[in-house]
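> Attaching a single structure in structure tokens format; questions to follow.
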Amino acid sequence: MSRSVVRLLWQVSRRSGTKFGMAAMKVPAVIRTLTTTQGAQSLTRYDEKTDWQKKLTPEQYVVTRERGTEEPFSGLYLKHFEVGMYHCVCCDAPLFSSETKYDSGTGWPAFKEAHGTWERDESHASIIRRPDNSLGSAGTEVLCKNCDAHLGHVFEDGPDPTGQRFCINSAALKFTPRQDYKPEKPEE
């Protein structure tokens, strides 16, 4: 049990006059543990048997599967402004429209919002957000909702109307021009 829970139970029992002890507590039969380990189960339904190292280039693998970051100002899509859709390099899910892309000057492709977002509702988008403290401060990691690929981070210093800056690694993206888009057939 975490220290904060034990401390809270101790204070409650102290105020109520009962003796604090594990026997006095009612512990639920099933306790769902929280974990931040690398071996945590995926929250999505993507096939876990996919051999990502065979499917992806070494750089794509490090960025998407090991939460890496490409060098700033080195990405293929940094200065790319063709009309179309940016898809997940792992599972081909549509992530960002070129219409929301802008030059943030930070060294990575930046987007105002994810594809499928309506106002600030991302329930139909192909991304999920997760708290991330790996940058030395509290931040928000952006993942592909379909395959848990690490895409980049989102910051609250973007342009109007959303005020968001999705800072996404080029290595996590695959671009398809608008007129040529045909989704890949799933592997069998």
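> Quick one: ranking F73, F81 by accessible area, 1.4 Å probe, largest first, what do you get?
Sorted by accessible area, descending: F73, F81.
> Tally Lys and Arg at +1 and Asp and Glu at -1 over the other residues with C-beta under 13 Å from the C-beta of D157: what net charge comes out?
Surrounding charge for D157 is 0.
> If DNA, RNA and ligands are ignored and the probe is 1.4 Å, what is the ranking of L76, L143 by accessible area, most exposed first?
Sorted by accessible area, descending: L76, L143.
> Further question: Using amide H atoms built in the peptide plane, which far-off residues or other-chain residues are under 5 Å from S104 H to H?
A110
> First select every other residue whose beta carbon is under 14 angstrom from the beta carbon of S137; then total the charges, Lys and Arg +1, Asp and Glu -1.
Taking every Cβ under 14 Å from that of S137, the sum is -4.
> For segment 73-129, what is the accessible area per residue in Å², given a 1.4 Å probe and the full set of protein chains?
48
> Calculated FRET efficiency, F155 and T57, Cβ-Cβ r, R0 30 Å, to nearest 0.05?
Computed FRET efficiency for F155 and T57 comes out at 0.65.
> Additional query: Could you compute how much accessible surface R178 exposes when probed at 1.4 Å, giving the result in Å² to the nearest 10?
Probe radius 1.4 Å; accessible area of R178 about 130 Å².
> Rounded, prolate or oblate: which one fits segment 43-116, using the alpha carbon gyration tensor with axes a ≥ b ≥ c (rounded when a/c is under 1.5, else prolate when a/b beats b/c, else oblate)?
It is oblate, given that a/c is not under 1.5 and a/b is not larger than b/c.
> Using a simple charge model, +1 on the beta-carbon of Lys and Arg, -1 on the beta-carbon of Asp and Glu, nothing else, what dipole does segment 101-176 show about its Cα centre, in debye to the nearest 20? Before the final figure, lay out each step's value.
Details: 8 positive and 11 negative charges, 50 e Å.
The calculated dipole for segment 101-176 is roughly 240 debye.
The values are calculated or read from the model by the stated rules, or taken from the named source; none is laboratory data. Not measured: the values here are computed from a predicted model. Cβ coordinates were reconstructed from backbone atoms using ideal geometry, including for glycine residues, and neighbour counts include every protein chain displayed. For accessibility, only protein heavy atoms count, side chains too; no ligands or nucleic acids. Shrake-Rupley method; radii C 1.70, N 1.55, O 1.52, S 1.80 Å.
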